[in-house]
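Down below is the structure, laid out as structure tokens.
Just so you know, all these numbers are worked out from the coordinates, no wet-lab data involved. This structure is a prediction, so every number in the text was calculated from the model and none was measured. FYI the Cβ positions are ideal-geometry reconstructions off the backbone, even for glycines, and counts take in every protein chain you see.
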Amino acid sequence: MSKHHVSTVINGEPKEFLCEAQQTLLDCLRDEMGLTGSKEGCGSGDCGACSVICDGKVVCSCLMLGVEAEGRTIITVEGVAEGEKLHPVQQKFLEHAALQCGFCTPGFIVAAKALLDENKNPTEEETRYWLAGNLCRCTGYDKIIRAVLDAAAVMRGENPPSPAA
Amino acid sequence: MPRVSYTAPTTIDDAVKALAASAGLAKVLSGGTDLLVQLKSGRARPELIVDTKRIPGMIGIREEGDTFVIGGATPGVMISADERLVKAFPGIVEGVDLIGSTQIQGRASIAGNLCNASPAADSVPPVIAARGTAVVAGPNGRREVPVEAIVTGPGQTSLQKGEFVVEFRIPKPKPRQSDAYLRFIPRTEMDIAVVGCAVNVTLDASGTCTDARVVLGAVAPTQIICAEAAQALIGHKLDDETLQKLDSAARGSCRPISDKRGTIEYRIKIAGVLARRAAAIAFERAAARA
Amino acid sequence: MSYLDKSALRLVGTRPIRPDGVDKVTGRANFGADMAMPGMLWGRIKRSPHAHARIVSINVDKALTLPGVKAVTTRADFPDIPPDKRVIGAAPHNLWDLSRNCMAQGKALYEGHAVAAVAATSPDIAEQALDLIEVQYEVLPHVMDVEAAMAPDAPLLHDNVFTAGIEPKPTKPSNITKMVRFAKGDVEAGFKEADIIVEQRYTTKPVHQGYIEPHACLVSVGADGQCTIFSSSQGQFMVRAYTSRICGADIASIRAIPAEIGGGFGGKTIIYLEPLAYMLSKKSGRPVKMVMSREEVFRATGPTSGAVVEVKLGAKKDGHITAARTVLKYQAGAFPGSPVQQGCICSLAVYDLPNAETIGYDVLCNRAKVAAYRAPGAPIGSFAVESCVDELARELRIDPLELREINGAKEGTKATHGPTWVNIGYQKTLEAARASEHLKTPLKPGQGRGIASGYWHNAGGESSAACHINEDGTVTVTEGHPDIGGSRASMALMVAEVLGVPFENVRPVVGDTTAIGFSASTGGSRVTFAGGMAVTQAAEKVIVELKKRAAVIWDISPEAVEWKDGKVYPAGPNAGSFEPLSLSEIAGKAARTGGPISAEVQINAQGQGPGFTTHICDVEVDRETGYVKILRYTAIQDVGRAIHPSYVEGQMQGGVAQGVGWALNEEYVYDKDGRLENPGFLDYRVPVASDMPMIDTIMIEVPNPRHPFGARGVGEVPIVPPMAAVANAIADATGIRMRDLPMSPPKLRAAFDAEPPARAAAE
């Protein structure tokens, strides 16, 4: 069986790859393109560790075929920062110690970025429900939610005090 | 995952031809949030996957006179973001919105939710309660059927080889008509419904119900339209007596199983609880839609 | 040196950004499945579909002929491990058991037990090859429930296991592998003295650690038998040692590189994949990558025990407990080794008991071998004891917090299992609970509040560390502990504090097995304690060297210098004669004054301090659905000294969330054939973000003087009380006592419906 040739845009750059039809986008990102930032935690869309943004919507890349990326625009965790400049969500995750083992973190960063792209002033409850598809076993979510709410404040031009010292 | 072939046709006819011509099993791919899980677990072993998302009209929401038309592959986020749908069918939007996580919402479609034929599907009860129809394309042309005619059992539909759901048509609500969907799950999110209940009511100016549909999910092999529950509402206001009758009727119509998500006894009790609570919300919304 | 005076600390106790943080938020950090090597093959495992079966035959011929398959391995490749080689170093595991857990020998002992493995050029081909391996099984009766497994006529998992710890020694094999007993005083006399006796039975289901990263490794064995393992684990030295023993290789032939680890909680203190990947790599001559699917993680890796715990408490009307007896029966899974002993010890450790007896049974059953899960054994025992104490409080009509104030362990209390407590913070956690704003906040109807306490002993053990002063004065600290929760930040804080340099100048590195001396695993809440002790001593040793170098530069006696605030000063008769030298100034002259400036330390840390905690939980219960909402949660814990307070808070919050999941919804569901029905995160229900409120933490610091900075282990204690805290809150809200975990909605609704009407009225 011959492979599919897929042309797509990943993190702002045109990219081409070959894949078999049954390879998921997550497989293609990690194994064909060396973008190992997105993680496989469950393979069934229940944990969110594989989250990417596809044509502006946050989705589980483990539940998307690589061939479906044809002509679409994908953002992975590797594309959230701008060079050396971290996105406010990334910076606030660090300041709030919103990660312990860090495995779920890429998925949270992407999902949180998607939230703040759409909703500039989410409440704690809205933030928790938006992120319900991202499992974290280490933190109990407390510092993650605080980090996202603070990042939202930064993006609104406010200057919340930082817990990091 | 096992090997599979993939095609992404750009017309409905090409999709029908591909589905019909496939020697082995062919499955439609819209959001993929059920299909890919099943491919990986081995529950589905298709030879061919037909991706319908590149067919114009499969994704989108439009109004045609007295009807809302929703393309079969339209993802949940698009439905929840559509102000018109939120206003017209808050219950349908609630159901769609409850399917999985934000990430699942970014892809999951109501055609997929319907044709996957899980008794616990969240978007199906409120669409049935709103008397929605499904337009099916196939080798013999198009046909339009009530949504409740599609699912025939867990994992089974009435679709023939070569057929797939192109769009949903839902009649716009009348004045003082509205709906609500509630489901019970053990956590706050991310669970399959233990019980789901959709209530769609039409009221007169005094608040008396003139028309109703009560649809239960996850308590039988298919969604149940509870005629007795509807009868408990029609001609009445939502007082305590009506609520009791509604509770009883809902419980009486259940044929649930015990599984890892709930026991028979529990599901029956919750069906009554959700029917009461969903009816209260639907009545309140309907009264506000003068 | 001692750094116990908090007011003198410059860096320890602050909250800088962790040094590995940017890699983790940008996706650069490499976890177990993130590496690749040229020529790499993909490995997959064939697993038993039966809970208990004799393996009659395995035929791999067809699999070997599939194009793309490069190697197949079965039990036949693995050496028997003679009795004198079944334990290695101070590691606790029986490697013969572990070897047979990694690859079944003779019998499949649980659904998911590995019986063969293949390596092929793509994951797809490896999967196809599994279907071509033909295994003949003779299905045997299986047993799951712990009491059923204890029955004399239960299906036997091993015919050569005889119950240890009972006299006379049994001659008939049993699924009960051992009985343990601890006692103090005379319990019968104690119960006779009591005015009130409460006796109850509590049951729990097996739960999984639930780490989001499945097990993964990449193993490459060369033609000369030299091996590199890249894997995520809680201990690269453990990986090296266990792989060497199970595969019959020398330890020195294996280099184990620690990947970043995506959660462990004890579940990665053993190995499953590395020996299989080793054999496949050896046989194929190519590197082999093996990654478990989530389903495999649930079916085939050790959860913790399901258990039955019986508690009997006797007390006087004034609240003094006169006697306590507990009997704990824990599932061990397919091989011996449940944490029942810890369960016995820890659940009573919170109390000052004049008379007590605790008995524990370790019981085999047809499930994956139990693996450690955060304070192993303690949460289960404490669910029972802390619930029973609450029931006792209600019988006595004494406030549950007050009952603990009356009976709680204090300085000088002798614990049931032997030690006498010194320098413990339990009473302070009770005081803080009493004074907390949480406790003062009134509740609404339908809401309830529960209190529970917990204990974990923490661990010390072997750690190595090296401190190198680089030519520009920056510092590299190499230690041997995989960083599971932010420990590198704490290591850098301690070293920077000792050396008097900025935090950013210290780069902590977790070294592989060739880069640093032996270090025991990350677990037992030991890294900040033992690893911290090692890095501190290494830094202090470096200071001795720095002083010597300054003396050489100044041409004075090395006794005549002192170290202060990150600089060397001339002292004594030479005081003031020379400008002080900074670390970077001395570093720049290292070659001329004697060579590279480094120090390495190897210790077996002793003196770890136990951790005590008290939790307060508010719930709201929907009586119609049985749904329990956690409204508010406060965890109060003696942490010794919070080296990096944010990560200490994080440990407390994470433990609470796991305990809440254990309390409300997590459980393994088996069908009648012993097959797992919920091997995925859909139906194995861990808490999601919308299930939890913010988790408030109060850190009490009673420093442990045996650690240079006063640190105690903090990671495990917080998972001990939540199940009882939630159960006690539900009892407070509804009058219903739930004694079986999880307290899921259907069970609550059934309990409400079964409640006798009289009690409902009295509430």
* Asked: Which values of log₁₀ I(q)/I(0), to two decimal places, follow from the Debye formula for the protein assembly as shown at q = 0.06, 0.07 Å⁻¹ with a uniform point scatterer at every Cα?
  -> -0.52, -0.71
* Among the lysines, select those whose C-alpha is under 27 Å from the C-alpha of B:K87, and discard any that sit fewer than 8 residues away in the same chain. => A:K57, A:K120, B:K53, B:K172, B:K174, B:K237
* Enumerate by residue number the trypsin sites (Lys or Arg not before Pro) in segment C:288-361 meeting two conditions: DSSP loop (anything except H, G, I, E, B), and at most 12 other Cβ atoms within 10 Å of the site's Cβ. => C:K317
* Asked: For C:I197 and A:E158, what does the FRET efficiency come to when R0 = 45 Å and r is the distance between their Cβ atoms, rounded to the nearest 0.05?
  -> 0.15
* Exceeding the 28 Å Cα-Cα cut-off - candidates C:K178/C:K629; A:K39/C:K46; A:K3/B:K40; C:K283/C:K672; C:K46/C:K282 -> C:K178/C:K629; C:K283/C:K672
* Asked: Taking Rh as the Kirkwood radius computed over C-alpha pairs, what is the Stokes-Einstein D of segment B:214-290 at 37 °C in a medium of viscosity 0.692 mPa s, expressed in µm² per second?
  -> 258
* To do: Using amide H atoms built 1.01 Å from N in the peptide plane, name the residues 5+ places from A:L65, or on other chains, whose amide H lies under 5 Å from its own.
  => A:L25
* In a shell of Cβ-Cβ distance under 14 Å around C:E147, excluding C:E147 itself, what net charge do Lys and Arg (+1) and Asp and Glu (-1) give? -> -2
* Structure fact -> So for R0 = 56 Å, FRET eff. of C:I166-B:S41 from the Cβ-Cβ r, to 0.05, ends up at 0.80
* Grab the beta carbon distance between A:D117 and C:D145, set R0 = 60 Å, and tell me the FRET efficiency rounded to 0.05. => 0.75
* What is the distance in Å between the Cα centres of segment C:422-443 and segment C:526-577? -> 42
* Report, ordered by chain and residue number, the aspartates and glutamates lying within cross-link reach of C:K440, taken as a straight Cα distance under 16 Å and ignoring same-chain residues fewer than 8 apart. => C:D399, C:E402, C:E431, C:D618, C:D696, C:D732
* Structure fact -> With only helices counted (DSSP H, runs n ≥ 4, each -39500 (n - 2.57)), the per-residue ellipticity at 222 nm for the protein assembly as shown, to the nearest 500, works out to -8500 deg cm²/dmol
* Structure fact -> Any DSSP H helix in chain B with Cα axial reach of 18 Å or more and mean Kyte-Doolittle score of at least 0.0? Listed by number, the hits are B:264-288
* **Debye intensity ratio in log₁₀ form over the Cα atoms of segment B:62-171, taken at each q of 0.10, 0.24 Å⁻¹** => -0.25, -1.46
* To do: Just report the Cα centroid separation between segment C:152-205 and segment C:671-737, whole Å.
  => 27
* **Exposure proxy ranking, count of Cβ atoms within 10 Å, fewest first, for C:Y569, C:Y361** => C:Y569, C:Y361
* Structure fact -> Note on segment A:4-77: C-alpha Rg/Rh, Kirkwood Rh, two decimals, gives 0.91
* Asked: Using θ = phi - 60° and the Karplus form 6.51 cos²θ - 1.76 cosθ + 1.60, what ³J(HN,Hα) does each residue of segment A:17-29 get, whole Hz, x for Gly and Pro?
  -> 8, 9, 7, 8, 4, 7, 6, 6, 4, 4, 4, 5, 4
* Asked: Counting other Cβ atoms within 10 Å, which trypsin sites (Lys or Arg not before Pro) in segment C:400-501 have at most 15 and lie in a DSSP loop?
  -> C:K410
* **For B:D122, C:D753, order by how many other beta-carbon atoms lie within 10 Å, fewest first** => C:D753, B:D122
* List the aspartates and glutamates whose alpha-carbon lies under 12 Å from that of A:K92, not counting same-chain residues fewer than 8 positions away? -> A:D150
* **Cβ-based net charge around A:L135, under 12 Å, with every Lys or Arg adding one and every Asp or Glu removing one** => +1
* Using the number of other C-beta atoms within 10 angstrom as an exposure proxy, rank C:V501, C:V389 with the fewest first. => C:V501, C:V389
* **Simple spin-label estimate for A:V9 and C:S577 in nanometres, 7 Å along Cα-Cβ** => 7.2
* Given H placed 1.01 Å from N in the peptide plane, which residues other than close sequence neighbours of C:Y137 have an amide H under 5 Å from its amide H? -> C:V56
* Structure fact -> In whole Hz, the Karplus estimates of ³J(HN,Hα) for segment C:141-151 (6.51, -1.76, 1.60; θ = phi - 60°; x where Gly or Pro) are x, 10, 9, 10, 5, 5, 6, 5, 5, 7, 4
* Counted charge near C:K62, where neighbours are those whose Cβ lies closer than 13 Å (Asp, Glu -1; Lys, Arg +1) -> -2
* **For segment A:84-100 and segment A:19-74, distance of Cα centres in Å** => 23
* Asked: Can you pull out the chymotrypsin sites (Phe, Trp or Tyr not before Pro) in segment C:147-219 that DSSP calls coil and that have at most 16 other Cβ atoms within 10 Å?
  -> C:F162
* Asked: Residue by residue through segment C:222-232, which ³J(HN,Hα) values in whole Hz follow from phi under the Karplus form 6.51 cos²θ - 1.76 cosθ + 1.60 (θ = phi - 60°), with glycine and proline marked x?
  -> x, 5, 8, x, 7, 10, 10, 10, 10, 7, 9
* To do: Please grab the % of Cα pairs in segment C:298-357 that end up more than 15 Å from each other.
  => 57
